[in-house]
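Student: Input: one structure, supplied below.
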Amino acid sequence: MVDTGEGRAEPDGLTVPMAWLYAEYIAEELLRSGDLMPPTSFEYRAGREALALTVFLSDLEGELSGVQVVTRLETWRSLTAYDQPWQDWVRERLDALTGQAAERGGLPGPDLRLALAAWRWLEETELLAPDLDAVPGGGPVPGDDGPQRWTPAWQLGLPLSHLAIHLF
């Protein structure tokens with residue numbers, strides 16, 4: 001028996017990160033139903049990771065069920081809104097969960113490790129995107145692809161995830 005650090009022992013030491021996998025599943029379903037991006041694009045991945053983090057970190061009880069998904073849509077929509085400090089909220093929640101794991105005398109569990117990896121990817125990965133600040137009115141330049149800039153993945157994934165929630 002191996003202690004999982006969460007108060008339960010498992011025979012083979014394998015702990016399945018069900019909370020994170022469920023958050024990814026919800027994010028995937030919301031994004032696919034919106035049909036906003038090809039699932040093979042980096043933008044889609046950025047949206048899925050941002051939305052999965054939002055779902056995972058807003059589930060304070062750790063027991064999000066299928067029925068609760070519909071009741072949480074408004075919360076997720078408000079967290080991912082343009083005028084919200086989403087990245088600060090993510091950092092604070094991840095720091096709090098990491099601190100709780102340390103207080104228990106253990107390493108972060110597999111769910112938290114996957115969430116931390118997703119956040120690291122969103123922060124460290126930059127994607128080439130239209131520079132809407134460089135174009136008057138934020139619209140495209142006629143006959144041209146327009147100016148582009150390297151943008152952290154979370155800045156592209158967040159509006160995509162917000163729109164997916166809105167379209168659901």
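Student: Which one is surrounded by the fewest Cβ atoms within 10 Å (Cβ to Cβ), of the residues in the stretch 41-59 that are part of a helix (DSSP H, G or I) and charged (D, E, K, R)?
Tutor: Filtering the stretch 41-59 for residues that are part of a helix (DSSP H, G or I) and charged (D, E, K, R), the one surrounded by the fewest Cβ atoms within 10 Å (Cβ to Cβ) comes out as Glu43.
Student: Restricting the search to the stretch 35-53, which residues are over 22 Å from Leu112 (Cα atoms) and touching a Phe, Trp or Tyr at 6+ places or on another chain (Cβ under 7 Å)?
Tutor: Met37, Pro38
Student: Please determine, by comparing only the residues of the stretch 92-115 that are charged (D, E, K, R), touching a residue at least 12 places away in the same chain (Cβ under 8 Å) and assigned to a helix (DSSP H, G or I), which one is nearest to Leu57 (Cα to Cα).
Tutor: Per the stated criteria, the residue is Arg93.
Student: Still on this structure, please answer the following. What are the residues in the stretch 76-116 that are at pLDDT below 90, among the charged types (D, E, K, R) and either within 19 Å of Pro17 (Cβ to Cβ) or open to solvent by less than 50 Å² (accessible area, probe 1.4 Å) (or both), if any?
Tutor: Correct list: Arg104 only.
Student: Among the listed residues Leu122, Leu73, which satisfies the condition of being under 22 Å from Ile26 (Cα atoms), at pLDDT 90 or above and in a helix (DSSP H, G or I)?
Tutor: Leu122
Student: Six or more apart or on different chains, Cβ under 9 Å: which pairs go from a residue in the stretch 73-87 that's touching a residue at least 24 places away in the same chain (Cβ under 8 Å) and within 14 Å of Gly157 (Cα to Cα) to one that's loosely packed, with under 14 Cβ neighbours inside 10 Å and of a type in the set (A, V, I, L, M)? Could you list them?
Tutor: Pairs that qualify, where the first residue is touching a residue at least 24 places away in the same chain (Cβ under 8 Å) and within 14 Å of Gly157 (Cα to Cα) and the partner is loosely packed, with under 14 Cβ neighbours inside 10 Å and of a type in the set (A, V, I, L, M): there are none.
Student: Condition test on Ala19, is it open to solvent by less than 40 Å² (accessible area, probe 1.4 Å), part of a helix (DSSP H, G or I), touching a Gly at 6+ places or on another chain (Cβ under 9 Å) and modelled with pLDDT of 90 or more?
Tutor: no
Student: Could you list all residues from the stretch 146-165 that are more than 16 Å from Arg48 (Cβ to Cβ) and not polar (S, T, N, Q)?
Tutor: Gly146, Pro147, Arg149, Trp150
Student: If you scan the stretch 125-153, which residues turn out to be in contact with a Phe, Trp or Tyr (Cβ under 8 Å, 6 or more places away or on another chain) and either at pLDDT 90 or above or not hydrophobic (A, V, I, L, M, F, W, C) (or both)?
Tutor: Thr125, Glu126, Leu127, Ala153
The values are calculated or read from the model by the stated rules, or taken from the named source; none is laboratory data. Because the structure is a prediction, the values reported are computed rather than measured. Cβ sites come from the backbone with ideal geometry, for glycine too, and all protein chains shown count toward neighbours. Surface accessibility is based on the protein's heavy atoms, side chains included, excluding ligands, DNA and RNA. Shrake-Rupley method; radii C 1.70, N 1.55, O 1.52, S 1.80 Å.
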